[in-house]
Amino acid sequence: MDQSSNGVSRRLFLQTAAGIGAAGGSAGTAAAQDGATHTVDMTDNLVFDPDSITIAPGDTVVWETVGTIGHSVTAYEDEIPEEADYFASGGFDVESEARSAYSAGDPESGDIPEGETYRHTFEVEGTYEYFCIPHESVGMLGTVEVTPGGATTETGGPAVPTVPDAAKSLLVTVTGAFVAVLSLTYVFLKYGGDYEMTDEDER
């Protein structure tokens, strides 16, 4: 039997392995860049739990009413970074509108009833102060600190460990290399490692 019929073009071999390795690396990079999600409970004790949280840019905070009493999440307009978008449950653009529109039991007014949530993604670094409209007077206040490498809670439980960007990059690189090795192993097992240069490769 002609040996070349059992071989595989070196060019095809290298293109296949490189393509699969690059695809694995790209997928890993996309996953590593996704922002984390953090949950803050709003309780019948009229507190945000935790009431202070430190996160990284691009992370999302989800506030959930875990008791029977409704709450709001309303930013202090003068207590957020200048470049940041204003946020408030009910979708209001300014604090005065959020305050005047709020009505207990009406989700469109910014009330978040039992079992419901409100979420906001923080892109701009800085300190964000917010409150619950109906319970502001009893001290239902919260703080979100957005800083590179954040993602730790300051109250309400143990700190959540973070993965440094360098470690994420290393993980992506190792994953890509691992996929490439698996691809090479597959080709060698399938073709028995028997490949040779074709006339096209020599040109």
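The values are calculated or read from the model by the stated rules, or taken from the named source; none is laboratory data. What you see is a predicted model; the values in this text were computed from it and never measured. Heavy atoms of the whole protein, side chains included, go into the accessibility calculation; ligands, DNA and RNA do not. Shrake-Rupley method; radii C 1.70, N 1.55, O 1.52, S 1.80 Å.
In segment 41-78, the residue that is farthest from the chain's Cα centre (by Cα) out of those that are of a type in the set (A, V, I, L, M) and closer than 11 Å to V144 by Cα is A75. Quickly run through segment 84-119 and pick out the residues that are small (G, A, S), farther than 17 Å from I69 by Cα, open to solvent by 50 Å² or more (accessible area, probe 1.4 Å) and in a loop (DSSP other than H, G, I, E, B). Selection gives G91 alone.
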